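Here the structure comes first, spelled out in structure tokens, and everything after it is commentary.
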């Protein structure tokens, strides 16, 4: 698929994630499970490693479990279940590699890459935690708008040396603007959220451009959803540390 399609998938996922936080807890859980499944299925395809179905199940279930616990654990420990699911997911990845046996192809790449996939997928629960934190969803909206700007800049077919700084700057400017228009969030936290979110998203764009060969649909969907889903934890912790 074309590289710009990854950004489109990311935008669709972002809209669903942010919209669900304004609907209900059940909607957040449903979108979280769907996002976790998309990342779980697509990440092994993007890496091009063997045992895709088994590793997809491990990555997807870890992320889904983290999302569900973030939705139902009592305050203030919204993400207390996330480290456990990260640990279980990483151990499951190692077990899969042990079962595959010695001498199998791409064992190291598969292990490291899928452990990273587990981490990214579990961090997405931060969107749910951020929406539940103090019952105020303005930071989720600010982060969502900043991420949308970074994704739209990333769709432009310009060299990375231009798109990367442009995406970070535009996201950093959108944060304070969205904060002033849609909430009473101070300029500094809003700008920090924009810069951090933009930096993560343009970094993943660079990963995509460095990968050789065309991406199939699962890989494109997974790579589009993964960074958008993973920045949820950053949004939550910035909200908690700088605003609360």
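The values are calculated or read from the model by the stated rules, or taken from the named source; none is laboratory data. Please read all numbers here as calculations on a predicted model, not as lab measurements. A quick note on method: Cβ atoms are made from the backbone with ideal geometry, for glycine too, and the neighbour counts reach across all protein chains shown.
Computed values, structure above
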read-out	value
Some residue of region 34-50 being closer than 23 Å to residue 148 by Cα, out of contact with any strand residue (DSSP E or B) (no Cβ under 6 Å at 6 or more places or on another chain) and surrounded by fewer than 20 Cβ atoms within 10 Å (Cβ to Cβ)	yes
Tally, over region 26-54, of residues that are part of a helix (DSSP H, G or I) and without any contact (Cβ under 8 Å) to a residue 60 or more places away in the chain	10
Residues within region 101-128 that are surrounded by fewer than 16 Cβ atoms within 10 Å (Cβ to Cβ) and on the phi < 0 side of the Ramachandran plot, tallied	6
Hits in region 188-212 (condition: free of Cβ contacts under 8 Å to residues at least 40 places away in the same chain and either under 12 Å from the mean Cα position of the chain (by Cα) or farther than 20 Å from residue 14 by Cα (or both))	200, 204, 210, 212
Condition met for residue 60 (buried (at least 24 other Cβ atoms within 10 Å of the Cβ), in contact with a helix residue (DSSP H, G or I) (Cβ under 8 Å, 6 or more places away or on another chain) and at pLDDT 95 or above)	yes
Selection count where residues are within 30 Å of residue 184 (Cβ to Cβ) and part of a helix (DSSP H, G or I), scope region 204-244	15
Any chance residue 185 is in a loop (DSSP other than H, G, I, E, B), surrounded by 14 or more Cβ atoms within 10 Å (Cβ to Cβ), in contact with a helix residue (DSSP H, G or I) (Cβ under 7 Å, 6 or more places away or on another chain) and free of Cβ contacts under 8 Å to residues at least 60 places away in the same chain	yes
Criterion: in contact with a helix residue (DSSP H, G or I) (Cβ under 8 Å, 6 or more places away or on another chain), assigned to a helix (DSSP H, G or I), more than 20 Å from residue 233 (Cβ to Cβ) and at pLDDT 90 or above - qualifying residue of 173, 201	173
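Table: residues versus (1) at pLDDT below 95; (2) under 20 Å from the mean Cα position of the chain (by Cα).
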residue	(1), (2)
81	yes, yes
91	no, no
104	yes, no
107	yes, no
122	no, yes
129	yes, yes
136	yes, no
143	yes, yes
153	yes, yes
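Residue by residue, here is whether (1) assigned to a loop (DSSP other than H, G, I, E, B); (2) in contact (Cβ under 8 Å) with a residue 24 or more places away in the chain; (3) in contact with a strand residue (DSSP E or B) (Cβ under 6 Å, 6 or more places away or on another chain) holds:
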{"site": "74", "(1), (2), (3)": "yes, no, no"}
{"site": "85", "(1), (2), (3)": "no, yes, no"}
{"site": "111", "(1), (2), (3)": "no, no, no"}
{"site": "128", "(1), (2), (3)": "no, yes, no"}
